[in-house]
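Participant: Let me begin by handing over the structure; questions about it come next.
Coordinate-derived values only; no laboratory data. The structure presented is a predicted model; accordingly, all values stated were derived computationally and were not measured. Here Cβ is always computed from backbone atoms with ideal geometry, including for glycine, and neighbour counts include all displayed protein chains.
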Ligand code: HEM
């Protein structure tokens, strides 16, 4: 006799549900051309192809519809369909759309599967963003001095100043330096040297993203159960409890009276938070949440970007002497100051070119429609659908760049000399329409000034004190996972104490 085993009806219902959502959403997006097949079964295969070949599929969309809009089926988007816009006009419309039409927050919460990964905390007011944008930017000079000092010490403690070449896994070593030095700006001294705290923050990003991605693949009814097993968030907050408690106690003792701080006291994310978070909410849990979210947003992005730059510099030795000369001259004139950072223009050009040529994400400005949104060509993004711009196509567009496929580390310097570059828009932190590394429009990265300064401090320290090169057999090419590119974890770089005489 034929018998059903228990999971069969569940799987059948799930497949039916997936088919229903697939078909209804596809019908709503029927006027938008698809890259890859758009039948139910073949689309699933296409979505798996997107996991490993997102960049080439996005490029294909760019070539076929250079100033148009296309869609791909993907496992990353909640409605599975991701709409991608090409060209300046539609990107401009995307960036200027209001939050109550195309929402950054809804897209972010879905990407990280916040309902299951962060629970109630996902809806806390984002005081940490205000603090980065206002308080930390106001105290940039003091914070920069601390970060530069921490970069100096953490590089010395992490990369040996040996006379012989020593090989290091690039991402690993750089993420240690970055985690410690950016935390000087978040939690100050001596907390930013607490080894356990740093390891928790350094590892959280990877396990958290892996768990969010896995939850994205599951049907809704399984997410809650699986989340309890794989999401590291609650455990992380528990592990940070005593660290955050003692930080709060110590900071409160430093106050003369509530709401004021000792003259010359700490200027970091924590002190800014204590100014704006209502007193009744200033708990170890709240602080743990904010530190974890800000570390999550900053440590891996900055580590990947800096590792890319170091690996490219190690592969292109001909740039090193010019960059060194600039760093030496600028530091001799201005010291480790904001002015010095602004004047490292050749180094900045190299950093921008690496980030343009080897962008860390093939798409940018991800948004989710919370109200039907219609572009000027009449194409409508229905509620619940995800839309983004094709960063990869913009960064490689001949409308914006001469010989875009060519790597030219002086490209942005020449643009400045050509008269393009006196505006802030041609700087790394500027939000020009042809450079989307830190996003654009209404919600760019609030930490971009700190990220740029930190990267410059690290590169300047390395150029001043170390020689570096790739291993003789080179490294595997950088890998893509979905829309994200990162240097292969095994990419190596060799360092030794600088031999050439300082200028
Ligand atoms: C090279 C390093 C970095 C890159 C490439 C980067 C890039 C970005 C991008 C593209 C966004 C999203 C913008 C959008 O939705 O359109 C973003 C958001 C964000 N970034 Fe960064 N970022 C970096 C470093 C940092 C640092 C150092 C901090 C903290 C000091 C930071 C804090 C944040 C936060 C809090 C958000 C969320 C903003 C919001 O929800 O409105 N980032 N970042």
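Participant: Strictly greater than 24 Å: what percent of every Cα pair in region 27-125 meets that?
Facilitator: 31
Participant: Using the alpha-carbon centroid of each, what span in Å lies between region 8-80 and region 364-398?
Facilitator: Going from one Cα centre to the other spans 15 Å.
Participant: Using only Cα atoms, tell me the angle between helix 87-96 and the longest principal axis of the chain; keep it within 0 to 90° and round to the nearest 10.
Facilitator: 90
Participant: Report, please, the projected area of the chain averaged over directions, based on the convex hull of its C-alpha atoms, in nm².
Facilitator: Dividing the Cα hull surface by four gives the mean projection, 26.9 nm².
Participant: Apply 1/(1 + (r/R0)^6) to the Cβ-Cβ distance of residue 239 and residue 92, taking R0 = 45 Å, and write down the FRET efficiency to the nearest 0.05.
Facilitator: Given R0 = 45 Å and the Cβ-Cβ separation, E is 0.55.
Participant: Using a 7 Å offset from Cα along Cα-Cβ at residue 410, what residues in region 342-373 end up with backbone N under 17 Å from the label point?
Facilitator: 344-354
Participant: Expressed as an acute angle from 0 to 90° and rounded to the nearest 10, what is the orientation of the C-alpha long axis of helix 40-64 relative to the principal long axis of the chain?
Facilitator: 50
Participant: Turning to a different aspect of this structure: For region 27-497, what does the relative contact order come out to in percent, with C-alpha contacts under 8 Å and a separation of six or more?
Facilitator: 26
Participant: For residue 108 and residue 377 in the same chain, what is the full-extension length gain: residue separation times 0.36 nm, less their Cα-Cα distance, in nm?
Facilitator: Between residue 108 and residue 377, full extension yields an extra 94.2 nm.
Participant: Shifting gears a bit: Figure the gain on full extension for residue 222 and residue 14 (residue separation times 0.36 nm, minus the Cα-Cα span) and round it to one decimal in nm.
Facilitator: 73.8 nm
Participant: For region 425-503 and region 99-122, write down the distance between their C-alpha centroids in whole Å.
Facilitator: Cα centroid of region 425-503 versus Cα centroid of region 99-122: 28 Å apart.
Participant: Of the DSSP beta bridges with both residues in the chain, give the percent that are antiparallel, rounding to the nearest 5.
Facilitator: Percent antiparallel among DSSP bridges in the chain is about 85.
Participant: Using only the Cα atoms of region 222-380, construct the convex hull and provide its projected area averaged over every direction, in square nanometres to one decimal.
Facilitator: Computing the convex hull of the Cα atoms and averaging its projections yields 17.0 nm².
Participant: Relative to the longest principal axis of the chain, what angle (0 to 90°, nearest 10) does the C-alpha long axis of helix 7-28 take?
Facilitator: Between helix and principal axis, roughly 80 degrees.
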